[in-house]
Amino acid sequence: MEMDKLVALCKRRGFLFQSSEIYGGLNGFWDYGPLGVELKRNIKDAWWRDMVSGHDELAPPPGAPESYEMTGLDCTIIMHPQVWKCSGHYDLFHDTMVDCRESKKRYRIDQMRGRWVAVKLPGGESGLAAEKAAEVERLGRLFIVSDAESPEAAVEDTVTRACQVLGIRKKKAEDSFTWESTAVVGIDAKVDRSRVLAPHATWFGTLTEPREFNLMFSTQVGAAASDDARAFLRPETAQGIFVNFKNVLDSTRVRIPFGIAQIGKSFRNEITPRNFTFRSREFEQMEIEFFCHPDSSFQWYQYWRDRRMKWYTDLGLAGARLRLREHHADELSHYSTGTADIEYAFPFLPEGDFGELEGIAHRGDFDLRSHMEGKLDPKTRPLQLEMGPDGKPRHRGSGKDLSYLDQLTNKRYIPHVIEPSAGADRATLAFLCEAYCEDQAPDDGGQMQTRVVMRFHPRIAPIKAAILPLVKKDGMPEMAQELYRTLKRHCNVFYDEKQSIGKRYRRQDEAGTPFCVTIDGQSLQDGTVTLRDRDTLKQWRLKADEALTEIRQRVQ
Ligand code: ATP
């Protein structure tokens, strides 16, 4: 599937719009249109129902080491700034970036891909001024950065750019350049920037020194513009759960093992938002912090990893485009004994590449301990301790006891945490990509035509059924509207009487509506209607008052 087609459909049919589009848009921000909001809400509702409110319908859920409880929270986006100090985000949540002085663009150093080349300028042929030619001679090795998406296009792009900048005709490229590698490679922060040609620059050496750039958006709380009033928009929902751990324990009867779930907005000032909604600056997360005894934590980690993977496959992300990838030991955070990513081969990624949908991490007791004691691992960067008025380092943690007393054994311990952390927008994007399909279907005259159909799992489809009177007369609209009003009380249905029936079916196929209910002449006589299945195109008659039961059964 070509991504351009999906992007066009999302705009045309109202799944996604660029934020503030009439003012030229704002990079990294997206709005959900009338269909998109239903789709995303259905995904979030399915997550909440399957993970939280209905998690024990299959008690205990298959694969779970024992039965457990789940509860929810809804925390604020702006929290006490000390939360981010203790979580590590204030000191460690950054990307290394460089600016281009010429184009004014900003790049993440880990995303700069290109090729090293040694240049042999072909004398008078290069068309370069003498001093520029001398500079190229002096530099010797040059790194040409490309911002093309696919590695093949990037290789080609490096040749084109090198020719343009050095004034060499493309035909002469082979004689003039010795490329160090046939494929594109990354560079690191240590590379001499005078040798680098940035993607939108016309000469070498336009990049600044690398800088660490914290990804948290900051703001001021209240009218005072002092440093004390500085606060941050949360970059993840998880910390709200950790700091409320004790409140949840004290206000409910939950006992370990149990999980706390939250769905909510997070904000990251991403340096290079890209790939539609995949990397946005404002997005929604669906996170669980699952608290368990250290001895069974690895079993729980395996349980959540498999359970989360199954959730995506059950909702239709089956097949080779979805995978579960365990991190290698050297990829793990210092506190983690296991992390896995659920990844999807998004069509905008180069062939064979996968993008993260969700991370499932064994976090040990790192977070609760940090909020208790403010201890961070000395292997990470040393923290600048804040000094109190007595000249001693100020306690960085909350100082509150976040341990758990097991009433059966009377032993106290700090629970271990398994964190399945998913992005609602990335999941929505993956479901959109997976659903897009072109096939052949008959038009009004019975001729086969290409149709675009969004094959969403019925549970997440924005509209469950469309109610369509065959023609706008003879009492058909009245009967259809009555059925519409009955169904509307139970699920999201849509009424449409405009245009030919074939065109109306097509519109519903593009919206991903799994069923169309058609009311025709026979309906008025015997009370039956026709149900059409979006995927098989099969049509069958049933009594109008059976339509609701039939649709509900099939939607589940
Ligand atoms: P990435 O490596 O892609 O930046 P991450 O590992 O930083 O992601 P986490 O901090 O683990 O992501 O966040 C959990 C989930 O939140 C991700 O799996 C993803 O689904 C979602 N997410 C994170 N950053 C973004 C973003 N900028 N835009 C949309 N979703 C995001």
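The values are calculated or read from the model by the stated rules, or taken from the named source; none is laboratory data. Since this is a predicted model, take the numbers as computed values, not measurements. No Cβ is skipped: glycine too gets one built from the backbone with ideal geometry, and neighbour counts run over all protein chains shown. We work out accessible area using only protein heavy atoms, side chains counted, and drop any ligands, DNA or RNA first. Shrake-Rupley method; radii C 1.70, N 1.55, O 1.52, S 1.80 Å.
List the extent of the Cα atoms of the range 57-132 along each of their three principal axes, largest first, rounded to whole Å.
Answer, in whole Å and largest first: 80, 37, 18 Å.
I'd like the FRET efficiency for Asp314 and Ala129, computed as 1/(1 + (r/R0)^6) with the beta carbon distance as r and R0 of 60 Å, rounded to 0.05.
Details: r = 64 Å, r/R0 = 1.07.
For Asp314 and Ala129, the calculated efficiency is 0.40.
Would you please give the residues with an amide H less than 5 Å from that of Thr337, counting only those at least 5 places away or on a separate chain, with H modeled from the backbone geometry?
His362, Gly364
What is the Cα centroid distance between the range 171-219 and the range 477-513, reported in whole angstrom?
With the range 171-219 and the range 477-513 each reduced to a Cα centre, they are spaced 54 Å.
Test of understanding: what is the full-extension gain from Arg323 to Ile78, defined as 0.36 nm times their sequence separation minus their Cα-Cα distance?
Here the segment from Arg323 to Ile78 would lengthen by 84.8 nm.
Contour minus end-to-end for Thr182 and Glu152, with contour as 0.36 nm per residue of separation and end-to-end as the Cα-Cα distance?
Numbers: separation 30, 0.36 × 30 = 10.80 nm, distance 0.98 nm.
Answer, rounded to one decimal: 9.8 nm.
Tell me, what % of the accessible area of the range 463-555 is carbon and sulfur with a 1.4 angstrom probe?
Numbers: 2220 of 4540 Å².
Here it works out to 49 percent.
Please identify every one of the trypsin sites (Lys or Arg not before Pro) in the range 261-332 that sits in a loop by DSSP and has no more than 16 other beta carbons within 10 Å of its own beta carbon. Could you put the intermediate results ahead of the total?
Working: sites: Lys265, Arg268, Arg274, Arg279, Arg281, Arg305, Arg307, Arg308, Lys310, Arg321, Arg323, Arg325; in loops: Arg268, Arg281, Arg321.
Answer by residue number: Arg321.
For the range 95-212, what does the relative contact order come out to in percent, with C-alpha contacts under 8 Å and a separation of six or more?
For the range 95-212, the relative contact order is 39 percent.
Let me check against my output: what whole-number percent is the relative contact order of the range 319-362, with C-alpha pairs under 8 Å and at least 6 apart? Intermediate results must be reported in sequence, preceding the final value.
Numbers: 67 pairs, mean separation 16.1, N = 44.
The normalised contact order for the range 319-362 reaches 37 percent.
List the trypsin sites (Lys or Arg not before Pro) within the range 479-548 that fall in a DSSP loop (any state other than H, G, I, E or B) and whose Cβ has at most 14 other Cβ atoms within 10 Å. Spell out each step's value before the answer.
Numbers: sites: Arg485, Lys488, Arg489, Lys498, Lys503, Arg504, Arg506, Arg507, Arg532, Arg534, Lys538, Arg541, Lys543; in loops: Arg489, Lys498, Arg534, Lys538.
Within the range 479-548, the qualifying trypsin sites (Lys or Arg not before Pro) (loop, at most 14 other Cβ atoms within 10 Å) are Arg489, Lys498, Lys538.
Going by accessible area, probe 1.4 Å, with all protein chains left in place, what is the ranking of Glu356, Glu287, largest first?
On the way: Glu356 75, Glu287 0 Å².
Largest accessible area first, the residues go Glu356, Glu287.
Which entries of Lys5/Lys472; Lys44/Lys488; Lys44/Lys105; Lys5/Lys543; Lys488/Lys538 have Cα-Cα distances beyond 30 Å here? Don't jump to the answer; show the numbers that get you there.
On the way: Lys5/Lys472 33 Å; Lys44/Lys488 21 Å; Lys44/Lys105 35 Å; Lys5/Lys543 39 Å; Lys488/Lys538 24 Å.
Violating the 30 Å Cα-Cα cut-off are Lys5/Lys472; Lys44/Lys105; Lys5/Lys543.
Are there any GluC sites (Glu not before Pro) in the range 1-75 that are in a DSSP loop and have at most 13 other Cβ atoms within 10 Å? List them by number. Mind showing how you got there, number by number?
Working: sites: Glu2, Glu21, Glu38, Glu57, Glu66, Glu69; in loops: Glu2, Glu57, Glu66.
Counting only loop positions with at most 13 other Cβ atoms within 10 Å, the GluC sites (Glu not before Pro) in the range 1-75 are Glu2, Glu57, Glu66.
Report, as a whole number in µm² per second, the diffusion coefficient that Stokes-Einstein gives for the chain at 37 °C and 0.692 mPa s using the Kirkwood radius over alpha carbon pairs.
Working: Rh = 27.4 Å.
Using the Kirkwood radius from Cα pairs, D works out to 120 µm²/s.
Pop the C-beta distance of Tyr495 and Glu356 into the FRET formula with R0 = 45 Å and round what comes out to the nearest 0.05. Could the numbers behind the result be given before it?
Values: r = 40 Å, r/R0 = 0.89.
Between Tyr495 and Glu356 the formula returns 0.65.
I'd like the Karplus ³J(HN,Hα) series for the range 295-307: coefficients 6.51, -1.76, 1.60, θ = phi - 60°, whole numbers in Hz, and an x wherever there's a Gly or Pro.
Those phi angles translate into 5, 9, 5, 5, 4, 5, 4, 5, 4, 5, 4, 6, 5 Hz.
Defining a contact as two alpha carbons under 8 Å apart and six or more residues distant in sequence, what relative contact order in percent does the chain show? Could you put the intermediate results ahead of the total?
Details: 1036 pairs, mean separation 75.3, N = 556.
It rounds to 14 percent for the chain.
Tell me, what does the Kirkwood hydrodynamic radius of the range 463-555 come to in angstroms if you use every pair of distinct C-alpha atoms?
12.8
Can you compute the radius of gyration and Dmax for the range 95-212, using only the Cα atoms, both in Å?
Taking only Cα atoms of the range 95-212, I get Rg and Dmax of 13.6, 43 Å.
With a point put 7 Å past each Cα toward its Cβ, work out how far Lys105 is from Gln440 in nm, to one decimal.
Result: 4.3 nm between the two label points.
Starting from the Cα of Lys132, draw a straight line to each of the lysines and keep only those under 20 Å, dropping any in the same chain fewer than 8 residues away.
Leaving aside lysines fewer than 8 places away in the same chain, those within reach of Lys132 are Lys120, Lys170, Lys172.
How big is the range 24-178 along each principal axis, measuring the range of its Cα positions in Å and listing the largest first?
Ordered largest first, the range 24-178 gives principal extents of 79, 41, 36 Å.
Based on the Cβ-Cβ distance of Thr337 and Lys473, what FRET efficiency does E = 1/(1 + (r/R0)^6) give at R0 = 60 Å, to the nearest 0.05? Mind dumping the intermediate values first?
Values: r = 69 Å, r/R0 = 1.15.
So, using R0 = 60 Å, E works out to roughly 0.30.
Could you tell me the center-to-center distance, by alpha carbons, between the range 239-276 and the range 332-372 in angstrom?
The range 239-276 and the range 332-372 have Cα centres separated by 15 Å.
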